[in-house]
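Notes follow once the structure below has been shown.
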Amino acid sequence: ASTTVEGTHTVAGVLLGYTDDERGAVAAATTFARVLGGSLLLSPSAFTAAVQAIAAPDQEDALTQAADQQLSALDESEQLTTLTAEGVAVSVTTAPLSYQVQSFSAQQASVAVWAVGVIAVEGHAVATAAWSTVAYDLSWVPTVSDWRLDSAPMVDGGWAPAEAQPTPATSDIPGQLSQYRRYSDALG
């Protein structure tokens, strides 16, 4: 049996092949966070293929539909795919910062991932950051011996570091910094 938690093979631009344990579930959720918030968003067909690759078999239609809605909303608000198609340099990336295993069994896991997403469009907009915590609800799929995505509801879209130093009255440390585990602590 493989002991790697980083994934063993790539399908549709997504690293897959995780271990059926808590570390494997965290690694899968982290990969899914990067993929769903990354550069594949700039290519609708590639993004849809990636979503289909990570979707649990019974959730493929629902997640594909959600992905299509996400792409449409992003293009409406930011014109990312339109500008990319026109040859404008666009950068989209998501960097997971910390995580919390909310539940785990050999068949199901839920891993909340706190991440920052950064979008930059050459000549059109300064780089902007969006902070979010998303719960990646996973199922172990025996037919492929891997974790797959059931759903990815947003848990918290509100907490983000302040632009300036906060006053002492507002300097509570958010749970994502004090209670979640940093990736280097667990996977390093």
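Provide the net charge surrounding residue 59, with neighbours chosen by a C-beta distance below 11 Å and charges set as Lys +1, Arg +1, Asp -1, Glu -1. Net local charge, residue 59 excluded: -4. The tail of the calculated P(r) for region 15-125 beyond 23 Å holds 33 percent of all Cα-Cα pairs.
Packing here is the average count of other Cβ atoms within 10 Å per residue, and on that basis the peptides 47-58, 6-17, highest first, run 47-58, 6-17. Would you tally the net charge around residue 135, using a Cβ to Cβ cut-off of less than 12 Å, leaving residue 135 out, and scoring K and R as +1, D and E as -1? The answer is -3.
The residues neighbouring residue 49, those whose beta-carbon lies less than 14 Å from its own, together hold a net charge of -2 under the Lys/Arg +1, Asp/Glu -1 convention.
Throughout, read-outs are computed from the coordinates displayed, never taken from laboratory work. Here the structure is a predicted model, which means the values were calculated and not measured. Because the Cβ atoms are built from the backbone with ideal geometry, glycine has one as well, and the counts that use them run over all protein chains shown.
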